[in-house]
């Protein structure tokens, strides 16, 4: 189902004439994505510095910090839903939709696929995965998986726990590794109304994605 929708949409856009302005943006996006990519010669610290430099430059282009941040996110990841942008960028829903509208108007992003409704969800329109015109199928698939992760109450709680651990213990004390037992003890103290090992596993996964080693 996913591949069929993706091919249908990609086929639709392949026949659309691309304006000179959009073609110029494609060149900028390609340059941004090369500059932001991680490789052996470009470590995380270098990438973070480049993100800050490109973000500052993008703010001048778009005259909006929120649009600039959203643009950089798409350059880094290729695709996202509004929920992903709200969560990852800590941005209000209305601000996210304005940024998406601006980038779509400029032809920078296009609708890739509609996300299927989860069981017992509320009514309303189905969420859209937005992507750069040249984003890969894997980038769109990754955005789809991330969207469903953010819909999980357990994941949202684990993300908040992990961020608190990062702020209070990792960044404040410059710690680069933790034990799984420490995470379990911390979560038990919070008395979270979910199964402690489930939240601990998700928290460990989030910390790992942030570059923190968790010992079992």
>> Going by what's in this entry, would residue 16 be described as in a helix (DSSP H, G or I) and either surrounded by fewer than 15 Cβ atoms within 10 Å (Cβ to Cβ) or at pLDDT 95 or above (or both)?
In response: no
> Which of the helices (runs of 4 or more DSSP H) contained wholly in the stretch 42-104 include at least 1 residues that are farther than 23 Å from residue 147 by Cα and in contact with a helix residue (DSSP H, G or I) (Cβ under 9 Å, 6 or more places away or on another chain)?
Replying inline: 44-62, 65-77
>> Taking the condition of being surrounded by 20 or more Cβ atoms within 10 Å (Cβ to Cβ) and touching a residue at least 40 places away in the same chain (Cβ under 8 Å), how many residues in the stretch 78-100 meet it?
In response: 5
> Hey, any hits in the stretch 182-200 for a residue that's under 19 Å from residue 90 (Cα atoms) and not in a helix (DSSP H, G or I)?
Replying inline: no
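Listed residues 166, 132, 207, 184; which is under 30 Å from residue 97 (Cα atoms) and out of contact with any strand residue (DSSP E or B) (no Cβ under 7 Å at 6 or more places or on another chain)?
Working: 132 fails: out of contact with any strand residue (DSSP E or B) (no Cβ under 7 Å at 6 or more places or on another chain); 207 fails: out of contact with any strand residue (DSSP E or B) (no Cβ under 7 Å at 6 or more places or on another chain); 184 fails: under 30 Å from residue 97 (Cα atoms).
After applying the criteria, what remains is 166.
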> Among 207, 190, 184, which is surrounded by 11 or more Cβ atoms within 10 Å (Cβ to Cβ) and out of contact with any helix residue (DSSP H, G or I) (no Cβ under 6 Å at 6 or more places or on another chain)?
Replying inline: 190
> Can residue 171 be described as assigned to a helix (DSSP H, G or I), modelled with pLDDT under 90 and surrounded by 15 or more Cβ atoms within 10 Å (Cβ to Cβ)?
Replying inline: no
>> List the residue pairs whose Cβ atoms are under 9 Å apart, where the first residue sits in the stretch 141-155 and is assigned to a loop (DSSP other than H, G, I, E, B), the second is modelled with pLDDT of 85 or more and surrounded by 15 or more Cβ atoms within 10 Å (Cβ to Cβ), and the two are 6 or more positions apart or on different chains.
In response: 152/158; 152/202
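The values are calculated or read from the model by the stated rules, or taken from the named source; none is laboratory data. Remember, predicted model here, so these are calculated numbers, not experimental data. Reconstructed Cβ throughout: ideal geometry from the backbone, glycine too, with neighbour counts over all protein chains shown.
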